[in-house]
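Below is one structure, written out as structure tokens; comments come after it.
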Amino acid sequence: MYGILTPIHSLLRWVVLILLLVVIIKSLQGLLSKRSFSGSDNKMSLYLMMSAHTQLVVGILLLFVSPFVKFGNMSDSETRFFTMEHTSMMIIAIVFITIARISSKKATTDTGKFRRLFIFSLIALLIILAAIPWPFSPISRPWF
């Protein structure tokens, strides 16, 4: 199962990152141009939230089958990273993505919608970038 879930998790990483960048750029453009919040803006934030939640489900499944996750043994930095740090930071980032979507829907003005999407999505992006095991980081994984 690990051999199936890992490529899916890796591919979804790129989907989430691309959608997150699109939402951030579109919300910043909307803020700066003072345009109205469109259906495509709403759909992009929905697709982002759906892909992030799908990624979360795959990640939770990986928690149970990954050889890098060992509950109770935090002495090894790689084990600690995948068991605690990566997992908790990604959950927090997905919470911010969800807050961005929900709070933008509840905002009454277009500026408020764009502002909330931009701020919460940017925070989520920064957390995600810090929590991804990039090939150049001490605990690395390949790009794909």
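Among the residues examined, F96 qualifies as in contact (Cβ under 8 Å) with a residue 12 or more places away in the chain and open to solvent by 30 Å² or more (accessible area, probe 1.4 Å). Can you list residue pairs whose Cβ atoms sit under 8 Å apart, with the first residue in segment 19-36 being under 24 Å from M50 (Cβ atoms) and the second being open to solvent by 80 Å² or more (accessible area, probe 1.4 Å) and not in a loop (DSSP other than H, G, I, E, B)? Count only pairs 6 or more apart in sequence or on different chains. Note: pairs meeting the criteria are L19/Y47; S27/R115; L31/R115. Confirm whether I8 is surrounded by fewer than 16 Cβ atoms within 10 Å (Cβ to Cβ) and closer than 17 Å to A131 by Cβ. Spelling it out, it is not the case that I8 is surrounded by fewer than 16 Cβ atoms within 10 Å (Cβ to Cβ) and closer than 17 Å to A131 by Cβ. Scanning segment 103-126 for residues that are under 13 Å from N42 (Cα atoms) and open to solvent by 80 Å² or more (accessible area, probe 1.4 Å) yields K105, K106, R116. Each residue in segment 70-85 was checked for being among the small types (G, A, S) and open to solvent by less than 60 Å² (accessible area, probe 1.4 Å), and 1 pass.
Number of residues in segment 108-135 that are of a type in the set (S, T, N, Q), in contact (Cβ under 8 Å) with a residue 24 or more places away in the chain and more than 17 Å from V16 (Cα to Cα) equals 1.
Taking the criterion of being of a type in the set (A, V, I, L, M), buried (at least 16 other Cβ atoms within 10 Å of the Cβ) and without any contact (Cβ under 8 Å) to a residue 40 or more places away in the chain, the residues of segment 40-62 that qualify are M44, L56.
The values are calculated or read from the model by the stated rules, or taken from the named source; none is laboratory data. No experiment lies behind these values; they were computed from the predicted model shown. Positions of Cβ are generated from backbone atoms using ideal geometry, with glycine treated the same way; all protein chains shown enter the neighbour counts. For the accessible areas, the whole protein counts, side chains as well, though only heavy atoms, and no ligand, DNA or RNA atoms are used. Shrake-Rupley method; radii C 1.70, N 1.55, O 1.52, S 1.80 Å.
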